[in-house]
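Peer 1: Got a structure here, written out as structure tokens. Questions coming.
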Amino acid sequence: MHPFHQYVETNSHKFLEELETFLKIPSISTLPERKQSCAECADYVRAEIVKLGFGAKIFPTAGHPIVYAEDLNAGENLPTVLFYGHYDVQPVDPENLWTTPPFSANVRGDRLYARGAADDKGQVHLHLKGLETLRATRKTMPCNIKLLIEGEEEIGSTHLEEFLREHAKMLACDTVLISDTAMFAPRVPSITYGLRGLVYFEISATSANTDLHSGMFGGAVENPVSALCGIIARLKDEYGRVTIPHFYDDVLPLSSEEKKQFASLPFNEQEFCESIGIPSTRGEFGYTTLERLWGRPTLEPNGIWGGFIESGAKTVLPAKAHAKISMRLVPNQSSQKIIALFTEYVMSMTPPTISLTITPLSGGEPALTPMDSPGNKAAQAALRQAFGKEPVFIRDGGSIPIVLLFQDILRAPVVLMGFGLPDEHAHAPDENILLENYFLGVESSAHFYEEFIKSMSSTR
């Protein structure tokens, strides 16, 4: 039995109790009334890292604190790994849909349920326990290690870029290790090498200066709800393609090897549909479901409202209508370019009977990490040892904007070695983490640092 496995098995009960304590702190970054909870959570993280023998400190920001720690005792001749994670979590609404209270940290069956169990407290914690496992089973750490754990990821990492630029020398490293993604399926260890970017808009359409009686004015005055629906309906064609001119100009096509790799994964279309209660999939013509999710851009209305929506009837012609629209971008697309193209196209479709305002709310760039980087090779070896099988390379349909920040500012390739699952309910009621993944994640984390040294040595 490998010493890592033996240590994790011996200490599994302790690890679980400590994780539950971490998860019970309601560190919701977007709620002002939880500011103190976020500060308490940062203090807790720092204290746990200090127990591991690291020098750790808290850096205040204009928002929530950043925890930084380092152990550089391996020596300047050995490479450095920077681990990044976040201790903040999403709001819990609607709380009535939780089976047990979101911050009570309950084990049911083979899973632990709590807000943050998978995103990202559970994955941060397994790395802390991975470092504890290393410390307990080795005389020295295999490489230099730095930890950066922030409290604003769920609100766009508002102050992280400033922190990275200000402390780039302190944070210098050879690779950045992140666990904030999911495995493809249970018992399928996965390394994510591609992420989609994101742009998000709010659109407001106005006709009259007040709501109007639909009998006295209907038929003579533009209805902004109808006008806005008409604009949205024209943003995609019958084949599922976005109609914005030049939208696809910069899209990096999937390679034939990537398509083969996606097709080889254990994906069942019927099970996918049944898991989310839909009769069939729908999307851009000519692509498989995984190709659409991972390698193609999208445009989706996320919400639309206006006029009377309460119970009963009210014959009103609304003065205003609103919609929120997001687009997921793929490698080589630029969020700023897409913002400009979207704005120009929507304004060109706007009838003179309404006024329209378009407000970009957020933007982030897509990212690709090299599959053959020393970090990804180390992740392959680490997952292989912990899970006992060859890991797969996958893309993710979601966005993690900070990946490009690390690559651009620190000039260090990123490794996305995640232990969540697609059915973990991240951002939703009953968020959970599979305990098997948590404990195997601890072992994988410990193996990673040893394997990174080997991987770096082979490239020199």
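Peer 1: Under 13 Å Cα-Cα from K324, which aspartates and glutamates qualify once same-chain neighbours fewer than 8 residues away are excluded?
Peer 2: Leaving aside aspartates and glutamates fewer than 8 places away in the same chain, those within reach of K324 are E202, E300.
Peer 1: Work out the length of the dipole vector of segment 96-226 about its Cα centre, built from +1 on the beta-carbon of each Lys and Arg and -1 on the beta-carbon of each Asp and Glu, and round it to the nearest 20 debye.
Peer 2: Value, rounded to 20: 1040 debye.
Peer 1: Still on this structure: Of T359, L440, A62, which is farthest along the charge dipole of the chain in the positive direction, counting Lys and Arg as +1 and Asp and Glu as -1 at C-beta?
Peer 2: Highest projection toward the positive end goes to L440.
Peer 1: Looking at segment 1-136, what % of its DSSP beta bridges pair antiparallel, to the nearest 5? Kindly include the intermediate steps, with their values, before the conclusion.
Peer 2: Working: 8 of 9 bridges.
Close to 90 percent.
Peer 1: Now a separate question. To test your reading of the geometry: what angle, between 0 and 90 degrees and rounded to tens, separates the Cα axis of helix 435-459 from the longest principal axis of the chain?
Peer 2: On a 0 to 90 degree scale, this one is about 70.
Peer 1: Sum -39500 (n - 2.57) across every DSSP H segment of at least 4 residues in the chain, then divide by the residue count to get the 222 nm mean residue ellipticity, nearest 500. Could the numbers behind the result be given before it?
Peer 2: Working: 13 runs with 158 residues, N = 460.
The per-residue figure over the chain is -10500 deg cm²/dmol.
Peer 1: Sticking with this structure for a sec: Under 14 Å Cα to Cα from K129, which aspartates and glutamates show up? Leave out anything in the same chain fewer than 8 places away.
Peer 2: By straight Cα distance, K129 reaches E9, E17, E18, E20, E48, E443.
Peer 1: Taking the structure as given and computing P(r) over Cα pairs in 20 Å bins from 0, in percent, which label from (i) 16, 28, 23, 16, 11, 5, 1, 0; (ii) 26, 58, 16, 0; (iii) 22, 53, 21, 3, 0 fits?
Peer 2: Given (i) 16, 28, 23, 16, 11, 5, 1, 0; (ii) 26, 58, 16, 0; (iii) 22, 53, 21, 3, 0, the calculated one carries the label (iii).
Peer 1: Taking a ≥ b ≥ c as the square roots of the Cα gyration tensor eigenvalues, with a/c under 1.5 meaning rounded and otherwise prolate when a/b beats b/c, else oblate, which class fits segment 97-175?
Peer 2: Oblate, because a/c is 1.5 or more while a/b does not exceed b/c.
Peer 1: I'd like to compare 402-414, 79-91, 110-122, 304-316: which one has the highest average count of other Cβ atoms within 10 Å, and what's the full order after that?
Peer 2: Numbers: 402-414: 19.8, 79-91: 23.9, 110-122: 25.8, 304-316: 11.3.
Going by the mean number of other Cβ atoms within 10 Å, highest first, we get 110-122, 79-91, 402-414, 304-316.
Peer 1: Over the Cα atoms of segment 247-394, how large are the radius of gyration and the largest Cα-Cα distance (Dmax), in Å?
Peer 2: Reported Rg and Dmax, both Å: 21.2, 66.
Peer 1: Where the only charges are on Cβ atoms (+1 Lys, Arg; -1 Asp, Glu), what is the dipole of segment 1-122 about its Cα centre, to the nearest 20 debye?
Peer 2: Working: 11 positive and 17 negative charges, 32 e Å.
The dipole magnitude comes to about 160 debye.
Peer 1: At a 1.4 Å probe, what is the % contribution of carbon and sulfur to the accessible area of segment 181-233? Don't skip to the answer; put the middle values down first.
Peer 2: On the way: 1160 of 2010 Å².
The C+S portion of the solvent-accessible surface of segment 181-233 is 58 percent.
Peer 1: Taking the Cα centre as origin and putting +1 on Lys and Arg beta-carbons and -1 on Asp and Glu beta-carbons, what dipole magnitude results for the chain, to the nearest 20 debye?
Peer 2: On the way: 40 positive and 57 negative charges, 120 e Å.
Magnitude of the dipole: close to 580 debye.
Peer 1: Taking segment 196-269, which GluC sites (Glu not before Pro) meet the DSSP loop condition and have no more than 14 other C-beta atoms within 10 Å?
Peer 2: Numbers: sites: E202, E222, E238, E257, E258, E269; in loops: E222, E238.
Loop-located and lightly packed - E238.
Peer 1: Please label the shape of segment 1-89 as rounded, prolate or oblate, based on the square roots a ≥ b ≥ c of the eigenvalues of the alpha-carbon gyration tensor (a/c under 1.5 means rounded; beyond that, a/b larger than b/c means prolate, else oblate).
Peer 2: Note, shape of segment 1-89 comes out oblate.
Peer 1: Express the relative contact order of the chain as a whole percentage, based on alpha carbon pairs under 8 Å and six or more residues apart in sequence.
Peer 2: Values: 924 pairs, mean separation 117.3, N = 460.
About 26 percent, as a whole number.
Peer 1: List the pairs from K121/K169; K260/K454; K51/K139 whose alpha-carbon separation is above 20 Å, in the order I gave them. Mind showing how you got there, number by number?
Peer 2: Details: K121/K169 27 Å; K260/K454 29 Å; K51/K139 17 Å.
Cα-Cα > 20 Å for K121/K169; K260/K454; rest within.
Peer 1: Hey, can you find the accessible area per residue of segment 141-263 for me, probe 1.4 Å, expressed in square angstrom? Mind dumping the intermediate values first?
Peer 2: Details: 5240 Å² over 123 residues.
That works out to 43 Å² for each residue.
Peer 1: How many percent of DSSP beta bridges within the chain run antiparallel, rounded to 5? Don't skip to the end; give the middle numbers.
Peer 2: On the way: 47 of 69 bridges.
That works out to approximately 70 percent antiparallel.
The values are calculated or read from the model by the stated rules, or taken from the named source; none is laboratory data. In this text, all values refer to a predicted model and were calculated from it rather than measured experimentally. Ideal geometry is used to build each Cβ from the backbone, glycine not excepted, and the neighbour counts take in all protein chains shown. All accessible areas refer to the heavy atoms of the entire protein, side chains included, with ligands and DNA or RNA removed. Shrake-Rupley method; radii C 1.70, N 1.55, O 1.52, S 1.80 Å.
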